[in-house]
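**Student:** Quick one: structure below, then a few questions.
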Amino acid sequence: MPTPVRDFRSVAVLGLGLMGRGIAQVIAQAGIPVVALETGEERLAAGIDATGAFLAEGVRRGKVTPEQREATLRRITGTTAFADVATADLVIEAVVERAEVKRELLATVGDLLASEAVIATNTSALSVTDLASVVPSPHRVAGLHFFNPAPLMPVVEVVAALQTDPAVTAALTAFVERIGKVAVPVKDRPGFLVNKLLMPYLNDVVDELDAGLASAEDIDTALRLGLGYRMGPLELLDLIGLDTHHHATTSAYRATLDPRFAPPPLLGQMVAAGYLGRKSGRGFRVGRPASATEEVTAP
Ligand code: NAD
């Protein structure tokens, strides 16, 4: 079994959506070059532009200097060609939360990479053990679960699959610390630690909204102020992406048959309607007139 690379010098991020672009930014800000892979030029440009805009906002707020913004963007090389990720010694997968897409991608990348390169998945709730099983040398696969938005959220769950070599989780823990985050080691269970607790909470809230317990706005206000959270649960769902939460909670439900993970019917309807939250411009709170969120009705 080859010794996994410990001091990752070149990183590839697969997928430049909400999470991938933030993860690429954090790594580039730590001085490490990143190759970022997307499915097409348009999505690639959108991901890089969004990173530029996020950093520009950081400059406006005095958190980042203009020079740091430029240097960070220079360290991110966008590509749509698999060949460009082949020399990375760490690959972080952050594509859509669908097992079949991730399995196909990881199998392709696993064949391309050097045998000692490490592969991490940012999945929210899929089995890392299952994803590792499609990769040659699955001992080098683990989860690196960043939170949204990755540049601002300080914690990363480091998920050990059944096959993961402890040297790989140790190397990833050191990497997480090197990029300025706090690593929490967790077992490979549906939802790991944080989402295992968060998903049933979000599902209950959607059911309560559907039942007319209170308006969307009042539910957010009560839970934000009552529990001391920075965001209400419906605002949080809009930020996460309703499709992403739907995929994650559905896969956790299928894996456990625990009814707390069963996707609420209203959530499925919102996704079917294309109301995905911030990413589509309409969700439980986003894109709804104030009067609508004040009504004691579902969207
Ligand atoms: P997203 O829908 O915003 O982005 C997914 C991106 O992956 C898209 O840009 C898509 O074009 C790209 N993609 C799809 N197939 C690809 C392929 N074969 N090669 C390269 N790129 C491909 O989703 P997201 O919210 O960024 O979520 C990504 C992952 O991170 C998921 O596994 C999700 O569960 C996880 N995650 C999400 C959040 C969140 O709050 N949204 C938080 C933590 C973890």
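The values are calculated or read from the model by the stated rules, or taken from the named source; none is laboratory data. The structure displayed is predicted, hence computed values, not measured ones. Positions of Cβ are backbone-derived with ideal geometry, glycine not excepted, and every protein chain shown enters the neighbour counts. To get the accessible areas, we keep the full protein, side chains included, count just its heavy atoms, and leave off ligands, DNA and RNA. Shrake-Rupley method; radii C 1.70, N 1.55, O 1.52, S 1.80 Å.
**Student:** When region 105-128 is examined, which residues are found to be under 18 Å from the mean Cα position of the chain (by Cα) and open to solvent by 40 Å² or more (accessible area, probe 1.4 Å)?
**Tutor:** If the condition is that a residue be under 18 Å from the mean Cα position of the chain (by Cα) and open to solvent by 40 Å² or more (accessible area, probe 1.4 Å), then SER127 is the only one that fits.
**Student:** Specify the residue that is surrounded by the fewest Cβ atoms within 10 Å (Cβ to Cβ); the eligible residues are those in region 147-159 that are out of contact with any Ser or Thr (no Cβ under 6 Å at 6 or more places or on another chain) and not in a loop (DSSP other than H, G, I, E, B). Reasoning before the result, please.
**Tutor:** Going through region 147-159, the residues out of contact with any Ser or Thr (no Cβ under 6 Å at 6 or more places or on another chain) turn out to be 147-157, 159.
Cutting the leftovers down to not in a loop (DSSP other than H, G, I, E, B) gives us 155-157, 159.
On the way: VAL155: 14, VAL156: 26, GLU157: 20, VAL159: 28.
Only one residue tops the list, namely VAL155.
**Student:** Okay, next question. In region 206-233, what residues are of a type in the set (D, E, K, R) and touching a Gly at 6+ places or on another chain (Cβ under 7 Å)?
**Tutor:** Within region 206-233, the first condition is being of a type in the set (D, E, K, R), and the residues that meet it are 207-208, 210, 217-218, 220, 224, 230.
Hits for region 206-233 are ASP220, ARG224.
**Student:** Here are ALA211, ALA216: which of them is farther than 29 Å from VAL159 by Cβ and either among the acidic types (Asp, Glu) or loosely packed, with under 15 Cβ neighbours inside 10 Å (or both)? Break it down into steps so the answer makes sense when it comes.
**Tutor:** Numbers: ALA216 fails: either among the acidic types (Asp, Glu) or loosely packed, with under 15 Cβ neighbours inside 10 Å (or both).
Residue meeting the stated conditions: ALA211.
**Student:** Moving on to the next point. Is it the case that some residue within region 254-265 is away from the ligand (no atom under 15 Å from the Cβ), touching a residue at least 40 places away in the same chain (Cβ under 8 Å), of a type in the set (A, V, I, L, M) and farther than 26 Å from PRO190 by Cβ?
**Tutor:** No, every residue in region 254-265 fails to be away from the ligand (no atom under 15 Å from the Cβ), touching a residue at least 40 places away in the same chain (Cβ under 8 Å), of a type in the set (A, V, I, L, M) and farther than 26 Å from PRO190 by Cβ.
**Student:** I would also like to ask the following. Out of all the residues in region 186-195, which are in contact (Cβ under 8 Å) with a residue 24 or more places away in the chain, surrounded by 15 or more Cβ atoms within 10 Å (Cβ to Cβ) and on the phi < 0 side of the Ramachandran plot?
**Tutor:** In the first step, residues of region 186-195 are kept if they are in contact (Cβ under 8 Å) with a residue 24 or more places away in the chain; the result is 186-188, 190-195.
If we keep only those that are surrounded by 15 or more Cβ atoms within 10 Å (Cβ to Cβ) too, we end up with 186, 188, 190-195.
Result: VAL186, ASP188, PRO190, LEU193, VAL194, ASN195.
**Student:** Moving on. Would you mind finding the one in LEU144, LEU105, LEU162 that is part of a loop (DSSP other than H, G, I, E, B) and among the hydrophobic types (A, V, I, L, M, F, W, C)?
**Tutor:** Numbers: LEU144 fails: part of a loop (DSSP other than H, G, I, E, B); LEU105 fails: part of a loop (DSSP other than H, G, I, E, B).
Criteria check complete, one pass: LEU162.
**Student:** Checking the structure you have, find out if any residue of region 23-40 is in contact with a helix residue (DSSP H, G or I) (Cβ under 8 Å, 6 or more places away or on another chain), open to solvent by less than 40 Å² (accessible area, probe 1.4 Å) and without any contact (Cβ under 8 Å) to a residue 24 or more places away in the chain.
**Tutor:** Among the residues of region 23-40, not one is in contact with a helix residue (DSSP H, G or I) (Cβ under 8 Å, 6 or more places away or on another chain), open to solvent by less than 40 Å² (accessible area, probe 1.4 Å) and without any contact (Cβ under 8 Å) to a residue 24 or more places away in the chain, which makes the answer no.
**Student:** Is it the case, given these coordinates, that LEU73 is more than 27 Å from ASP165 (Cβ to Cβ), out of contact with any His (no Cβ under 8 Å at 6 or more places or on another chain), surrounded by 19 or more Cβ atoms within 10 Å (Cβ to Cβ) and hydrophobic (A, V, I, L, M, F, W, C)? Quick ask: steps written out before the conclusion?
**Tutor:** Details: more than 27 Å from ASP165 (Cβ to Cβ): yes; out of contact with any His (no Cβ under 8 Å at 6 or more places or on another chain): yes; surrounded by 19 or more Cβ atoms within 10 Å (Cβ to Cβ): no; hydrophobic (A, V, I, L, M, F, W, C): yes.
No.
**Student:** Let me ask something additional. Answer yes if at least one residue in region 1-16 is open to solvent by 40 Å² or more (accessible area, probe 1.4 Å), among the hydrophobic types (A, V, I, L, M, F, W, C) and more than 16 Å from the ligand (Cβ to nearest atom), and no otherwise.
**Tutor:** yes
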